Amino acid sequence: MTSTHFNAGRAGMATGIRPFDVGRDLPQVTELVREAFAQELRETGSRPLHNAGLYSRLHSFLRSEPANLFSFMRMFDGFVYVDRGRVVGNVSMQKLDSFGHRWQLANVAVAASHKRQGICSRLVQAATDNLRTLGAKHAVLQVRTDNLPARNLYAKQGFKRLGGMADLEGRCPLQIGPRPSNPAPISALPGEEWQQMLDLARVQVGGHMQWWHPIRPGDFVHDWPRRAGEWLGEALGVSSVTRFGVRLGTERLATAIVLRSAHWKRLHRVSWWTRPQQYGQYEDGMLDALAGLMAAQAHCRLHVQVDADHHQAIEGLTAMGLRAKPSLDTMRCELTPERREPGANRRFRLRP
């Protein structure tokens, strides 16, 4: 972590950027994140902040074990911005691989009383500068799609959008429109065609996005334990899996939906993949098929995940009564190592 020096006698009233100290800063950062992400916490729960409070209390105990303390501290790399001793800004850095080439920036937050003062920009710059000194090659972060000011700020710092996923949810019955006049050639897809579904998902997500969130074959493979589990769930009437889509020849899929139903929870989850070049061609037919499957599922919850750039699908699902949840875009910055003189070390100084 980049070092910082300041007048210890006046540190309580200092202002500026310094490395995050888990024992000193975690309680204030927890409250800062609670304030900055209040809406997201209402939707996802506050368990992470509860855990942060436990970590803060653990820190004093771990001081007696230097080896454990070092591993513990690596969980909380980052910087804070302090205004006269009060933490008003934060950015966390999390290593994504064992080599330290890929890092994630998270918990980028500034107190409402200190917004529009350039603090967020300075924190992100401090983090990326520090990652360059560590030999990192890429930094990645996630930002809400509708947060245009933050997206613009990150773009100015060199971050480029990789992609994102959209989540929509609603309740049955769905609002069904007129049947498509020219229905798509939709057919049922057996689980044995999992390799084609895997290839379709990889094509849609693309190589850059897979760098951040790789498509895992294990989520698609249809081996005998999974076949047995699906058969048993359907036989007992507690769950079912339905796959359908449009084929391109015999070896490829144009679009596919996997509907996983937990009947005992009255919950249905949909994963929808489409080749980007096929956007706008099969949405009406796929939505009509989905509506037909859900017609008898009154008072059930439906959750759909689809690529955020598949606007035709999102518009169709919205017309059926589903509500789009706040979604996140993933952005990445390629870090060019800085040229430094031997022994040089960047320092951040707190302004008294």
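The numbers here are math on the coordinates, done by the rules we state, and not lab data. What you see is a predicted model, and the numbers here were worked out from it, not measured in a lab. We place every Cβ from the backbone using ideal geometry, glycine too, and count neighbours over all the protein chains shown.
Viscosity 0.890 mPa s, temperature 25 °C: what is the translational diffusion coefficient of the stretch 165-326 from Stokes-Einstein with a Kirkwood Rh over Cα pairs, rounded to a whole number of µm²/s? All intermediate terms of the calculation are to be shown ahead of the outcome.
Numbers: Rh = 16.3 Å.
Translational D for this selection: 151 µm²/s.
Setting aside same-chain residues fewer than 8 positions from LYS115, which aspartates and glutamates have a Cα under 17 Å from its Cα?
Once the sequence-local aspartates and glutamates are set aside, what remains near LYS115 is GLU31, GLU35, ASP83.
GluC sites (Glu not before Pro), restricted to the stretch 233-294: which are DSSP loop and have at most 11 other Cβ atoms within 10 Å? Don't jump to the answer; show the numbers that get you there.
Working: sites: GLU234, GLU251, GLU283; in loops: GLU251.
Passing sites in the stretch 233-294 are GLU251.
Separation of the stretch 282-308 and the stretch 103-144 by C-alpha centroid, Å?
39 Å
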